[in-house]
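The values are calculated or read from the model by the stated rules, or taken from the named source; none is laboratory data. All values reported here derive from a predicted model rather than from experimental measurement. As a convention, Cβ positions derive from the backbone with ideal geometry for all residues, glycine included, and neighbour counts pool all protein chains shown.
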Amino acid sequence: MSDREKQILALRTAYISGIFSLIICLVMLLNYWQLKTVDPLESEVLKTMVERLQEDTSNDALKTEIRNLDLMARNAYFTNQWQIRTGAYLLIGGIIITVIALRIYYSLKIKIAEPESSETKLDIELLVSRRWILYTISIIFGLALIAAFLSIDHLSATYAITETTNKKEEIPVRQIIPKDAVEKAVTEVEEGKTEEIPTVTVEAQAEASEEIQGSATENDVGKEPVETSKTAPTKEITAADLLNNYPSFRGPFGLGIAHQKNIPTSWDGASGENVKWKVKIPLPGFNSPVIWGNQVFVTGADNANQSIYCYDLSSGNLLWEHKVTGIQRPAGKPIKPTEDTGYAAPTVTTDGKYVYAIFATGDLSCVDLQGNRIWAKNMGIPDNHYGHSSSLLLWKNLLFIQFDTNAGGKVLALDTSSGNQVWETTRTSKVSWASPILANLGDHYELVLSSSPEVASYDPQTGKELWKLNCLSGEVGPSPGFDNGVVYAANEYANLVAIKPGNPATAIWETNEYLPEVASPVAMDGLLFIATSYGVVACYDASNGEILWEYEAEQGFYASPVIADGKAYLLDMDGIMHIFAIDKTMKLIGTPELGEHTVGTPAFAPGRILLRGYDHLFCIGN
């Protein structure tokens, strides 16, 4: 092939790829315009159907139509995501081919060195006009790429999580330790044979606190805490200790399984039936209660105040309030979380000696059971449009923090007695409000985290990544679930995935029919429970993803399901608890009402349930 023929071929290739790229540009700009002007979730058809359903709430056919429309919107989301990604790749590829072809054409043109002709002036004019054409096309290309980016952003804002009050929810604990150990621990709890946890007198605690104050004065707050030899030795926490109590968000190991018995199934908050006590919490917060012994812990905060509260489980009396103040923060724009998340969304955790609390601002504080500060620090101002919301988790002498932000993700472990960092692992995740869980794989524990785009596992002692699987998208709120050696992860407008841990991890099955926005999945005895923000509860066969039964509530769920005393407790946003038997067929046991809106996940003590409403903390008991 001669140079002249090559030149002609290069020019034709440039024309074809240029026209192709221009068409892709126009399609992407049109797609962006459609996304901005047409929202399937705000369609007149959907509004009309919802109005009809409000008039006839028993119309099952209409409910099915609405669910089908929601499924169509979800499928449209995935289709749009694929179209945008594919279009962007094709556009970039077309531009690259065009540029290369033009480069070859002009190189050959110079090489051929065509003789001067009377048409030189005309060629110059054409070259100038071509430059303006190239400038125009470049602008169109740039607008198309911007439209692609904005389309993805618009899809995320439209379809992803819009509220993230309590994104750390429940899941099974029965597999968190070996089966025989669990059965033994549960038996001991039921028979009262568990080893007694040494108690500390008020005088001894006060004396110890005074000794510790030298290492945690107001002047030291905010500095990197330093371990002190004056800190009393801590009895290493055991699985039985955790099962005896309700030490963190979604209970022991963050799995959504409570091992307490004689849990009530009937109450009425308005009339006071089976309400042992009810107290107003001074500061707002969407976190959940945590229980150790006879003490109940919650937090509250606004833009000026942050507090940890301790209530007496028996009477509801406020035992103490610790004001979290004086923590030095790095320079930066202060966090302004949305009203539906607030400044106190993360749930505290406790090991029976100290209580650990983190707030939307990134302030982290450790206090003893009398409310005295042990250490405090700021974890960094979160680059997070909702504020930090992931709850804390601990095991042995390590406090785990999932800190996924727009600037990047990380997970870290601090020494519980000193606050010193033990390890930190950088993650490839995006912003997330899910909370970590601990899963027992027989011979070892794994720290499992959900985010976009991955579910990942880490060695709790070293922070080494053990495995990860890219299977989620959007702004992830639900925490993972775990049972019988399988991890369950889900997010609205993404997927529900059953994952077999390993190197590599594998997806056993996945589906996208019913997906949670905030509430975490919980699994036990081969059953997996999902609660959605649009009011559907679904029970899946955990082995294959088959839906066994469905139930539709009038209100959606943000609180995570918790399994306790052989029943599944699901609290909707109207404060109505939907209680089901753990069974392959749907058996509704009761729907007692709190009489107050709530998004907090319940906590359990022997014979009692602790529920946090928007304003009050309730203790329910027979």
Which numbered condition Glu596 fails, given (1) outside any strand (DSSP E or B); (2) without any contact (Cβ under 8 Å) to a residue 60 or more places away in the chain; (3) surrounded by fewer than 22 Cβ atoms within 10 Å (Cβ to Cβ): (2)
Extreme residue, nearest to the chain's Cα centre (by Cα), among residues of the stretch 572-593 that are of a type outside the set (Gly, Ala, Ser), buried (at least 21 other Cβ atoms within 10 Å of the Cβ) and closer than 22 Å to Ala345 by Cα: Asp572
Residue match in the stretch 363-377 (condition: in the same structural domain as Ser418 (by TED's automatic domain parsing), of a type in the set (Asp, Glu) and over 26 Å from Phe253 (Cα atoms)): no
Positions within the stretch 280-332 being touching a Cys at 6+ places or on another chain (Cβ under 8 Å) and among the β-branched types (Val, Ile, Thr), in sequence order: Val296
Criterion violated by Tyr534 - all others in (1) farther than 17 Å from Leu255 by Cα; (2) in contact with a Cys (Cβ under 9 Å, 6 or more places away or on another chain) satisfied: (2)
Condition check for Glu554: without any contact (Cβ under 8 Å) to a residue 12 or more places away in the chain and either hydroxyl-bearing (Ser, Thr, Tyr) or in contact with a strand residue (DSSP E or B) (Cβ under 9 Å, 6 or more places away or on another chain) (or both): no
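Yes/no matrix, rows are residues, columns are (1) at pLDDT 95 or above; (2) among the small types (Gly, Ala, Ser); (3) within 27 Å of the chain's Cα centre (by Cα):
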| position | (1), (2), (3) |
| --- | --- |
| Glu236 | no, no, no |
| Asn245 | yes, no, yes |
| Ala258 | yes, yes, yes |
| Pro264 | yes, no, no |
Test: residue in the stretch 367-380 that is modelled with pLDDT under 95, over 20 Å from Thr349 (Cβ atoms), part of a loop (DSSP other than H, G, I, E, B) and of a type in the set (A, V, I, L, M, F, W, C): no
Residue among Ala519, Ala505, Ala538 that is closer than 18 Å to His578 by Cβ and surrounded by fewer than 24 Cβ atoms within 10 Å (Cβ to Cβ): Ala538
Positions within the stretch 412-433 being modelled with pLDDT of 95 or more and hydrophobic (A, V, I, L, M, F, W, C), in sequence order: Leu412, Ala413, Leu414, Val422, Trp423
The stretch 540-577, residues that are within 23 Å of Glu65 (Cα to Cα) and in contact with a His (Cβ under 8 Å, 6 or more places away or on another chain): Tyr551, Ala553, Asp572
Selection from the stretch 433-452 of residues that are without any contact (Cβ under 8 Å) to a residue 60 or more places away in the chain and either surrounded by fewer than 16 Cβ atoms within 10 Å (Cβ to Cβ) or outside the structural domain of Val518 (by TED's automatic domain parsing) (or both): Asp443, His444
Selection within the stretch 304-318 - over 12 Å from Val279 (Cα atoms), free of Cβ contacts under 8 Å to residues at least 40 places away in the same chain and in a strand (DSSP E or B): Ser307
Check on Trp467, assigned by TED's automatic domain parsing to the domain that holds Ile374 and farther than 24 Å from Ser543 by Cβ: no
Boolean, Glu546 is in the same structural domain as Asn495 (by TED's automatic domain parsing), of a type in the set (Asp, Glu) and closer than 27 Å to Thr341 by Cα: no
Residue that is modelled with the highest pLDDT, among those in the stretch 338-358 that are out of contact with any strand residue (DSSP E or B) (no Cβ under 8 Å at 6 or more places or on another chain) and surrounded by fewer than 24 Cβ atoms within 10 Å (Cβ to Cβ): Thr341
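Just give me the residues in the stretch 599-612 being crowded, with 20+ Cβ neighbours inside 10 Å and either free of Cβ contacts under 8 Å to residues at least 24 places away in the same chain or over 16 Å from Phe249 (Cα atoms) (or both), in sequence order.
Selection gives Arg608 alone.
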Any hit, the stretch 521-537, residues being part of a loop (DSSP other than H, G, I, E, B), more than 22 Å from Phe286 (Cβ to Cβ) and not aliphatic (A, V, I, L, M): yes
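Looking at Ala232, Ala240, which is the one that is among the hydrophobic types (A, V, I, L, M, F, W, C), modelled with pLDDT under 95 and under 24 Å from Phe482 (Cα atoms)?
Testing whether each residue is among the hydrophobic types (A, V, I, L, M, F, W, C), modelled with pLDDT under 95 and under 24 Å from Phe482 (Cα atoms) leaves just Ala240.
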Some residue of the stretch 42-62 being at pLDDT 75 or above, of a type in the set (A, V, I, L, M, F, W, C) and either surrounded by fewer than 17 Cβ atoms within 10 Å (Cβ to Cβ) or farther than 21 Å from Val536 by Cα (or both): no
